[in-house]
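Have a look at the structure below before the remarks.
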Amino acid sequence: MSTARADPKYILVAVAWPYASGPRHIGHVAGFGVPSDLFARYHRLKGNHVLMVSGTDEHGTPIMVAADREGISPAELAERFNEVIRSDLRDLGLSYDLFTRTTTKNHYDVTQDVFKTLHDKGFLVRQTMLGAFSAATGRTLPDRYIEGTCPNCGFEEARGDQCDNCGHQLDPSELLNPRSRIDGEAPIFRETEHFFLDLGAFATQLGTWIGEQDHWRANVRQFSLNLLDELRPRAITRDLDWGVPIPVDGFEDGKRIYVWFDAVIGYLSAAVEWAHNRGTPDAWRDWWQNPDARHYYFMGKDNIVFHSLIWPSMLMGYGAGGKVGDEQGELQLPYDIVSSEFLTMEGKKFSSSRGIAILVRDFLARYDADALRYFLTAAGPETQDTDFTWSEFVRRNNDELVANWGNLVNRTLTSAYKNFGAVPEPGELLDADHALLAAVEAGFESVGAETASARKRSALVEAMRLASVVNQYLSDQAPWAEIESNKARAATILYTTLRAIDNLKIMLAPVLPFSAQRLHEYLGHEGDIAGALEFRQEAEGDVNHTVLTGRYEDWVGSWRPSELQPGQTLREPAPLFAKLDPTTVIEEELARMTVAGETGDSGAVDPT
């Protein structure tokens, strides 16, 4: 098998921005978190230039609502939950090059530049609209905090921006029997003037572009094509005092750029910030103004319209213009929109306010991060809605992760360490040995092809199939039976198995980074293939803020066959994974869920 590596590619991994209105639950990270990190880690192992960016989305009414409940400012609430969320994402092993926030001066500058450029080119128009305001507080209600009956299909839980049942774009005033999701009261509608993004101006260009994206998931492509005929101007400002100021005379007071408009610009502003933090302020252009770069966006399916229609329209309108672009090349459009479906919990929709949620921090306090990452990859909502149950989580952990991969690693390493203390010196390899190594090494092609196409479940299935093949080889060859009578043959079997495990370690590292790193060390290797992530203080003038990042250029390991050397000293192994007691886990977790549901308190404050 060839180990030659193609020229490195520039891969932007753009991850949906979580709201800083409360802690995130595992339904959130099933969509934007684990799939994006798996993809980024794979491309780093391939030697590609990866830039994975995101941050907390800290503007808009949801933050204001949550802050009002606690009697604190939106800035104070955002600060607290930025820390909580980035800590959770670090503990889950999400390897961002930069996880920042939307309240930085850099983000404000880039957002205003995009806004002003679109405005100057005539793509933003001023119109009056019926704005929705809370009857209780008088504040603007965000579109997604208003529910009602869809006038198109009759779905009774349509949101103020779109109907999830028929996919139609909506305005809150079009809903029948509208109500606030915050207090259940009917909103008050009154006329107000705002800026609108003229989406219809991009309809033809969008149609041609989307029609060429044959590699998109079918649901994403068809959903987007279906919406082209109804594109219309969409409001991008709101009556707020919390958000990015509007850089147009006469709109300085009482109005702000709306949160969904500035949030998607975060993909660009985070790249600009990352480059500045490194002392290479133009480095972001290698991804954003490079026509050979590929941009992959990861999110839940409720965000498709923003990434397949609205953000591309903004990019098309901006082109190479503006202060940031500096006419050095057009900003690149998405190459792929990797949208996940929804994850439910024990048959119910995740809802923090109703106690139907498993917060990431709570999960990781009781179980290994790799166990969660494995479940979300093997059984997550990649192409259809799926259900998280504690019984299925325990089954997959015990029957697949522990019994297949974990058991293979533990019994091989234990025998090799006990009898040789190092990678054994092999004798002549037999046909069975050669066949095993060839089968496993072929996985770099088969597992890699599935991962590169963002088919994470298929990639994991193939890697675990290969682990089963190695398990069968080990059982058939039985080195423990040879150790006394034919130690040379036992050494050859263990050497072959260790090489196969070293290969599988790399293939599984994107899914299981924590255990892969421990295995890397048990095998006697040095350095990190999936090292620790870090928080770093970054300064903007006199203001500091903390970002999540890592020194990925120092990581070793690559997506190619093992070069494990005979004689390499092994370290004393320990089991990679913990077997869970089904009765204890299921009973305790269902009891916690019952208590949370009765009190309506899962520890979160966001109403989604």
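Each reported figure results from applying straightforward, stated rules to the coordinates on display, with no laboratory input. Since the model is a prediction, treat every value here as computed from it, not as a measurement. No Cβ is skipped: glycine too gets one built from the backbone with ideal geometry, and neighbour counts run over all protein chains shown.
Taking the alpha-carbon distance from Lys349 and a cut-off under 19 Å, which lysines remain once sequence neighbours fewer than 8 residues away in the same chain are dropped?
Lys301
With θ set to phi - 60° and the Karplus curve 6.51 cos²θ - 1.76 cosθ + 1.60, what are the ³J(HN,Hα) couplings of region 448-462 in order, to the nearest whole Hz, using x for Gly and Pro?
Result, rounded to whole Hz: x, 5, 5, 5, 4, 8, 6, 9, 5, 5, 4, 4, 5, 4, 5.
Checking the cross-link filter: which lysines have an alpha carbon closer than 20 Å to that of Lys323, excluding same-chain neighbours under 8 positions apart?
Answer for Lys323, where 20 Å is the Cα cut-off: Lys105, Lys116, Lys121, listed by chain and number.
Loop sites only, by DSSP: take the trypsin sites (Lys or Arg not before Pro) in the chain that have at most 16 other C-beta atoms within 10 Å and name the longest stretch containing none of them.
355-550
Given a Förster radius of 45 Å and the C-beta distance between Glu191 and Asp91 as r, what FRET efficiency does 1/(1 + (r/R0)^6) yield to the nearest 0.05?
About 0.40, to the nearest 0.05.
Which length gain, in nm to one decimal place, applies between Asp239 and Asn219 when the Cα-Cα distance is subtracted from 0.36 nm times their residue separation?
On the way: separation 20, 0.36 × 20 = 7.20 nm, distance 3.45 nm.
Separation in residues times 0.36 nm, less the Cα-Cα distance, equals 3.8 nm.
Modelled label-to-label distance, Lys487 and Ser458, 7 Å Cα→beta-carbon offset: nm?
4.8 nm
Apply the Karplus curve 6.51 cos²θ - 1.76 cosθ + 1.60, θ = phi - 60°, to the phi angles in region 111-128 and return the couplings in whole Hz, x for Gly and Pro.
Those phi angles translate into 4, 5, 5, 5, 4, 5, 5, 5, 5, 5, 8, x, 8, 10, 10, 8, 9, 8 Hz.
Would you mind computing the Rg to Rh ratio of region 83-226 from its alpha-carbon coordinates, Kirkwood style for Rh?
On the way: Rg = 18.9 Å, Rh = 18.5 Å.
Rg divided by Rh gives 1.02.
Of Thr103, Ala203, Tyr297, which is farthest on the positive side of the dipole of the chain, counting Cα position, with +1 on Lys and Arg Cβ, -1 on Asp and Glu Cβ, and the Cα centre as origin?
Tyr297
At 7 Å along Cα-to-Cβ for each site, give me the label-to-label distance between Asp183 and Arg592 in nm.
Calculated label separation equals 3.4 nm.
Give a quick list of GluC sites (Glu not before Pro) in region 142-228 that DSSP marks as loop, anything other than H, G, I, E or B, with at most 10 other Cβ atoms within 10 Å.
Qualifying residues, ordered by number: Glu212.
At what distance in nm do the modelled label points of Thr569 and Glu428 sit from each other, each positioned 7 Å from its Cα along Cα→Cβ?
Rounded to a tenth, the inter-label distance reads 3.4 nm.
For the chain, what does the helix formula give at 222 nm: sum of -39500 (n - 2.57) over DSSP H segments with n ≥ 4, over the residue count, nearest 500 deg cm²/dmol?
My calculation for the chain gives -12500 deg cm²/dmol from helical runs alone.
Would you kindly state how much longer the chain becomes between Glu445 and Asp385 on full extension, computed as 0.36 nm times their sequence separation minus their alpha carbon distance, in nm to one decimal?
Here the segment from Glu445 to Asp385 would lengthen by 18.7 nm.
Could you state the orientation-averaged shadow area of the convex hull built on the Cα atoms of region 57-100, in nm² to one decimal?
Directional mean of the projected Cα hull area for region 57-100 stands at 3.2 nm².
Going by the alpha-carbon gyration tensor, a ≥ b ≥ c the square roots of its eigenvalues, is region 1-137 rounded (a/c under 1.5) or, if a/c is not under 1.5, prolate (a/b greater than b/c) versus oblate?
Numbers: a/c = 2.73, a/b = 1.49, b/c = 1.83.
In terms of gyration-tensor shape, oblate.
For helix 487-508, report the angle its Cα long axis makes with the longest principal axis of the Cα atoms of the chain; keep it between 0 and 90° and round to the nearest 10°.
For helix 487-508, the angle is close to 0 degrees.
To test your reading of the geometry: what angle, between 0 and 90 degrees and rounded to tens, separates the Cα axis of helix 431-441 from the longest principal axis of the chain?
For 431-441 against the chain, the angle is about 10 degrees.
Which shape class, rounded, prolate or oblate, goes with region 225-287 when its Cα gyration tensor gives a ≥ b ≥ c as root eigenvalues, a/c under 1.5 marks rounded, and past that a/b bigger than b/c marks prolate?
Judged from the Cα gyration tensor, region 225-287 comes out oblate (a/c at least 1.5, b/c at or above a/b).
Classify region 434-510 as rounded, prolate or oblate, taking a ≥ b ≥ c as the square roots of the eigenvalues of its Cα gyration tensor: rounded when a/c is under 1.5, otherwise prolate if a/b is larger than b/c and oblate if not. Display every interim value, and only then the final one.
Details: a/c = 3.28, a/b = 2.88, b/c = 1.14.
Prolate.
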